[in-house]
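Every number in this text was worked out from the coordinates using simple rules, so none of it is lab data. Values in this document were obtained by computation on a predicted structure and should not be read as measured data. As a convention, Cβ positions derive from the backbone with ideal geometry for all residues, glycine included, and neighbour counts pool all protein chains shown.
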Amino acid sequence: MTPAHVHDGQMLGHLLSGDEGWAFADKAYDSLENAQMLKEKGVSNGVLIRGHKHRKLSKVERMCNRVLSKLRIPVERIFWTMKGHTGTVDLSI
């Protein structure tokens, strides 16, 4: 858990245990600092590529995002279910 003023993308280094082969993450984690940190730790970068107002994603970048998203779906589905979005689980206190 982080305070509201801390951007999730700044916390990637704290999420790594050291034995990962890949790090998959959404576009919030796409930064030069995170890419460099992953490279230094020898972890393959599976972070989705974020487009910008003045630089749209290329066709290859969009294709990479599509492939990476398909790899992330099984994990994201677990979180989706844990949060009770299936309509069968009530996690409220």
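On a 0 to 90 degree scale, rounded to 10, what angle separates helix 59-82 from the longest Cα axis of the chain?
Approximately 20 degrees, to the nearest ten.
Within the set 53/83; 41/70; 41/83; 59/83, which residue pairs have Cα atoms separated by over 28 Å?
On the way: 53/83 32 Å; 41/70 24 Å; 41/83 32 Å; 59/83 34 Å.
As for pairs spanning more than 28 Å Cα to Cα, those are 53/83; 41/83; 59/83.
Give the long-range amide H neighbours of residue 20: residues separated by 5 or more places, or on another chain, with amide H under 5 Å away, using H modelled in the peptide plane at 1.01 Å from N.
Amide H neighbours of residue 20, under 5 Å, 5+ apart: none.
May I ask you to evaluate 6.51 cos²θ - 1.76 cosθ + 1.60, the Karplus curve with θ = phi - 60°, for each residue of segment 44-53 and list the ³J(HN,Hα) values in order in whole Hz, giving x for glycine and proline?
5, 8, x, 7, 4, 8, 9, x, 10, 4
How far is it, in nm, from the label point at residue 5 to the one at residue 63 when both lie 7 Å from their Cα along the line to the Cβ?
4.5 nm
Quick one: Debye curve from the alpha-carbon atoms of the chain only, equal weights, vacuum; give me log10 I(q)/I(0) at q = 0.13, 0.20, 0.23 Å⁻¹ to two decimals.
Values returned for q = 0.13, 0.20, 0.23 Å⁻¹ are -0.57, -1.11, -1.25.
In whole percent, what relative contact order does the chain give with Cα contacts below 8 Å and a gap of six or more residues?
Normalised by residue count, the contact order of the chain is 20 percent.
Which trypsin sites (Lys or Arg not before Pro) from segment 5-53 combine a DSSP loop assignment with at most 16 other Cβ atoms within 10 Å? Kindly include the intermediate steps, with their values, before the conclusion.
Details: sites: 27, 39, 41, 50, 53; in loops: 50, 53.
When the trypsin sites (Lys or Arg not before Pro) of segment 5-53 are filtered for loop state and at most 16 Cβ neighbours within 10 Å, 50, 53 remain.
I want the local charge near residue 76. Using Cβ-Cβ distances under 15 Å, sum +1 for each Lys or Arg and -1 for each Asp or Glu among the other residues. Write down the numbers at each step before the final one.
Numbers: positive: 27, 66, 70, 72, 77, 83; negative: 8, 26.
Taking every Cβ under 15 Å from that of residue 76, the sum is +4.
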